[in-house]
Amino acid sequence: RAEGMFRLLVIYSLVFLAVNGKDDVDRLIETVDDFIYGIDSKVVELDDDTFRKEMPKFDTALVEFIAPWCPHCKRLTPNFEMAAKVVHKNDIPVTFVKVNCDGPGYHTCHDANADIYPTLKLFRAGVDERRYYGERTPKDLVRYVLNMLGDHAKVIGNQADLDKFTVSDGEYMFVGAFESDSSLKTEFLKIAEQQREFNRFAIVTNPELLKKVGETNAVVAYQPEFLRNKWEPHYKVFKGESFDLMNFVKLAKIDLVGIINKQSVPIFEVARPLLITTFDVDFEVNRKHTNYVRNRYRYFSHFSCFTSVSFTALLLHKNARDIGRI
């Protein structure tokens, strides 16, 4: 027993990993260290009289539909304001918009089916495209709008861009390597459009670069750089049938140590049993320590790290069965 350092639990359902390693989005957030909520807001406030007129002017907009009395809205609003400041300061072409559903924006919220507060939605040139269900920290909001800009699958033409893409931040990255059109390529592009808010996708067709990738007519999943270690490969390859590609995209995230959030919770329901440890996970400061723990417990079928004790209790209460502690 190592009291004070970590606890280990074997459960039969879910796993959660919270990490603090810095990535490209962290560096964007750092550009607004002087952020003070309520001062110099970059959020555009619209209502029933202005929403239909102004929204088509914004190529891409993230809209929060809120009610001032709502506790969840009160927690979201400062994060939304900070994300808007980050986007504005770094010239990211996304507009952050606010609508008061319990005031002059009531009919706009009704038309947008914003039936719960807060509701976050992405609009393209005034057209309601999709609802956002992800985390609501400034970092998550900024990452989301970045993922939703540009092509859903980035075309990579040289080794430098490929190297940068596969190590650049804290998300899983999927590269489609195709020398010609195929059903797998078609399915890959379809999934990239559907999943772009959760993962990053790129496509390689250049013959010379395909040699560097080492695969053709395949999809390669790359671990986030901060999770890579010497006990498992940092990539996985799919060369199966196109109908099974979505399963690969989901299950590729189950590694020696996996990441879980609101979107990926269902993925880990298939990872049984799981070994979970709770301790501070900071991949900038304590990478050697976390790798030490990985090394000791890598023989279990699945392993992961917690930093949230309350979330651990929630999982055990709702989804899992605690069968032992070390």
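The values are calculated or read from the model by the stated rules, or taken from the named source; none is laboratory data. Keep in mind that this is a model prediction, so the values were computed, not measured. Cβ: placed from backbone, ideal geometry, glycine included. Neighbour counts: every protein chain shown. Just the protein is used for accessible areas: all its heavy atoms, side chains included, with ligands, DNA and RNA removed. Shrake-Rupley method; radii C 1.70, N 1.55, O 1.52, S 1.80 Å.
Structure notes:
- Inverting the pair-averaged 1/r between distinct Cα atoms of the stretch 127-192 gives 14.1 Å as its Kirkwood hydrodynamic radius.
- Of the accessible area of the stretch 51-138, computed with a 1.4 Å probe over protein heavy atoms only, carbon and sulfur atoms account for 53 percent.
- Other residues lying with their Cβ under 13 Å from the Cβ of THR216 contribute a combined charge of 0, Lys and Arg counting +1, Asp and Glu -1.
- Note on surface exposure: TYR132, TYR117 rank TYR117, TYR132 by accessible area, highest first, 1.4 Å probe.
- Between LEU149 and ASP244, the FRET efficiency estimated from the beta carbon spacing at R0 = 30 angstrom works out to 0.55.
- With bins 10 Å wide beginning at 0, the percent of Cα pairs of the stretch 46-151 falling in each bin runs 15, 52, 31, 2.
- Scaled against 2.2 N^0.38 Å for its residue count N, the alpha carbon radius of gyration of the stretch 194-249 is 1.23.
- Solvent-accessible surface of the stretch 26-130, taken per residue with a 1.4 Å probe and all protein chains present: 52 Å².
- Sparse-neighbour loop sites [chymotrypsin sites (Phe, Trp or Tyr not before Pro); the stretch 139-246; at most 16 other C-beta within 10 Å; DSSP]: TRP231
- Calculated P(r) tail over 20 Å for the stretch 61-121, as whole % of Cα pairs: 25
- Residue pairs, from the table LYS164/LYS239; LYS154/LYS212; LYS85/LYS164, whose Cα atoms sit over 22 Å apart: LYS164/LYS239; LYS85/LYS164
- Percent accessible area from carbon and sulfur atoms, the stretch 152-214, protein chains only, probe 1.4 Å: 49
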